Amino acid sequence: MRYISTRGAAPAAAFADILLEGLAPDGGLYVPEQYPSAAGKLDTWRSILDAQGYAALAASVLSLFAPDIEAGELEGVCSRAYNASVFATPEIVPVTRLADGRYLAHLSDGPSAAFKDLAMQFLGQMFEAELSRRGQSLNILGATSGDTGSSAEYAMLGRSHIRVFMLTPEGRMTPFQQAQMYSIDDPAIVNIAVDGVFDDCQDLVKAVSEDLDFKAKYSIGAVNSINWARVAAQVVYYIACWLRVSSSADEPVSFCVPTGNFGNILAGHVARQMGVPIKHLILATNENNVLDEFFHTGIYRVRPASGVFATSSPSMDISKASNFERFVFDLFGGDAERVRHLFGELLPSQGFFDISSTPEFKSIPERFGFLSGSSTHADRLAAIRQVWASDKVMIDPHTADAVTLARRFVLPEPCVVMETALPVKFQATMEEAIHLDPPRPARFAGIEEKPKHYRLIGKDVGELKGIIREVVGD
């Protein structure tokens, strides 16, 4: 298994090499030369999950993406990442049936109460193992609109050879989300608030990553979903959820996924490309509906910062979906020149591209099974109320976006809604919806009152580089 860039001008590399990378040197994203096949493996994976649990399933699936990692090492990494001392339940990803017949995948039982723990815990263990083997250090640079930051910091905290620099949009997260990150007092965790929106944070990360000399000198790596290892780890929970809902190797299941950066749903797309019987992937967005607009019109139009709405599902307040390039690469059959033209030329110069007239765009529903839609604050409140009334289950606002869309599309096959976070992160919205305070795990008691540790910068890559130089040293 070798990995290539979506823009075609970077040398192929092994999993262990791209593990420590973000963007490829040519500005593209790493993807496998070809997806591994699940053919003949589904029944085996069902037996592994039933008999040995999620960690063993993860090791088996991830071995297809990382054949250069020794099997025993990969098994050890997965067993340390996925166990009942890290996650709240031994199932790691339980799936329950809702009263309306749809299913809810509980992805938020990890340390930071967000689905991103399922990838970050793997990355933390894998980074530490690989860096120790190489005798190297890594300075992780990331951007978050809500949950990636806390998941990354909780996963990397205390690990040898690793620092984290995490950018957040000033004032664009809930008080709980801010407190999860800013309350960490550790010299290896550097929180940086940016006077802008998430897209500005993401642009700064990309600007640093594209400065190859700086990136090499300061050993810059990534944990955002531009890191392929994170996507691969997320593929595992789609397979686990399919196994828990289906009863045979050919039974189709659909998934409804709240997404802003296209990372979560991309993992479902990869599982489908591998041959897992996923019928539809329903993409749920909020009022920042750039992705929904694309799937209906063929036009991918990035909005300026002034056009990004602050919503009650803030982790999806994004207009530049950094993983979307990987899907377009698949859409055009791996045509790197075409992808480079769209993302490297048209998008930067005019702010959009239009592929509505292409046969590839018209083939999306049949070839890839995507459906899409967006929802509003009122929709979120209604979904939270409905699930609480019918199931006595509290769902967060992002999951509510997905519940809204799952109900909008009436499908014959089972549909699994992918939960994104525990409701405790969004107390104001929960109180507005159902007039109740969401349960708070004991580990988060009083977190908002703790001292906050962060730095504030403008949308200036020079300021960001200055902080990295100061912390890392020359």
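Among 260, 268, which is of a type outside the set (Val, Ile, Thr) and in a helix (DSSP H, G or I)?
268
Among the residues of the stretch 21-71, count how many are over 30 Å from residue 7 (Cα atoms) and in contact with a Pro (Cβ under 9 Å, 6 or more places away or on another chain).
3
If I filter the stretch 264-281 for residues that are within 25 Å of residue 430 (Cα to Cα) and in contact with an Asp or Glu (Cβ under 9 Å, 6 or more places away or on another chain), do I get at least one hit?
No, because not a single residue in the stretch 264-281 is within 25 Å of residue 430 (Cα to Cα) and in contact with an Asp or Glu (Cβ under 9 Å, 6 or more places away or on another chain).
Look at the stretch 145-167 and say how many of its residues are part of a loop (DSSP other than H, G, I, E, B) and within 14 Å of residue 199 (Cα to Cα).
Residues meeting the conditions: 2.
Which pairs do you get when a residue that is surrounded by 15 or more Cβ atoms within 10 Å (Cβ to Cβ), found in the stretch 430-453, comes within reach of a residue that is of a type in the set (Ser, Thr, Tyr) and in a loop (DSSP other than H, G, I, E, B), reach meaning Cβ atoms under 6 angstrom, with the pair 6+ apart or on two chains?
Hits for this filter: 447/183.
Suppose we filter the stretch 168-223 for residues that are more than 22 Å from residue 396 (Cβ to Cβ), in a loop (DSSP other than H, G, I, E, B) and touching a Gly at 6+ places or on another chain (Cβ under 6 Å); how many remain?
Summing the residues that are more than 22 Å from residue 396 (Cβ to Cβ), in a loop (DSSP other than H, G, I, E, B) and touching a Gly at 6+ places or on another chain (Cβ under 6 Å) in the stretch 168-223 gives 2.
Which ones in the stretch 230-241 are within 11 Å of the chain's Cα centre (by Cα) and either closer than 11 Å to residue 65 by Cβ or free of Cβ contacts under 8 Å to residues at least 40 places away in the same chain (or both)?
Scanning the stretch 230-241 gives 231, 232, 233, 235.
Regarding the stretch 406-417, can at least one residue be identified that is touching a Ser or Thr at 6+ places or on another chain (Cβ under 7 Å), assigned to a helix (DSSP H, G or I) and not charged (D, E, K, R)?
No, the stretch 406-417 contains no residue that is touching a Ser or Thr at 6+ places or on another chain (Cβ under 7 Å), assigned to a helix (DSSP H, G or I) and not charged (D, E, K, R).
If you check 102, 97, which single one turns out to be among the charged types (D, E, K, R), surrounded by 17 or more Cβ atoms within 10 Å (Cβ to Cβ) and over 29 Å from residue 139 (Cβ atoms)?
102
Does residue 448 satisfy the condition of being of a type in the set (Asp, Glu), within 19 Å of residue 168 (Cβ to Cβ) and in a helix (DSSP H, G or I)?
The answer is yes for residue 448.
Before we move on, is residue 372 outside any helix (DSSP H, G or I), at pLDDT 95 or above and either crowded, with 19+ Cβ neighbours inside 10 Å or over 22 Å from the mean Cα position of the chain (by Cα) (or both)?
For residue 372, the condition - outside any helix (DSSP H, G or I), at pLDDT 95 or above and either crowded, with 19+ Cβ neighbours inside 10 Å or over 22 Å from the mean Cα position of the chain (by Cα) (or both) - is met.
For a quick check of your reading of the model, give me the residue pairs whose first member lies in the stretch 37-64 and is assigned to a helix (DSSP H, G or I), whose second is buried (at least 19 other Cβ atoms within 10 Å of the Cβ) and among the polar types (S, T, N, Q), with beta-carbon atoms closer than 8 Å and at least 6 apart or on different chains.
44/60; 45/60; 48/60
The values are calculated or read from the model by the stated rules, or taken from the named source; none is laboratory data. All of these numbers come straight from a predicted model, not from anything done at the bench. Backbone-built Cβ (ideal geometry, glycine too); neighbour counts: all protein chains shown.
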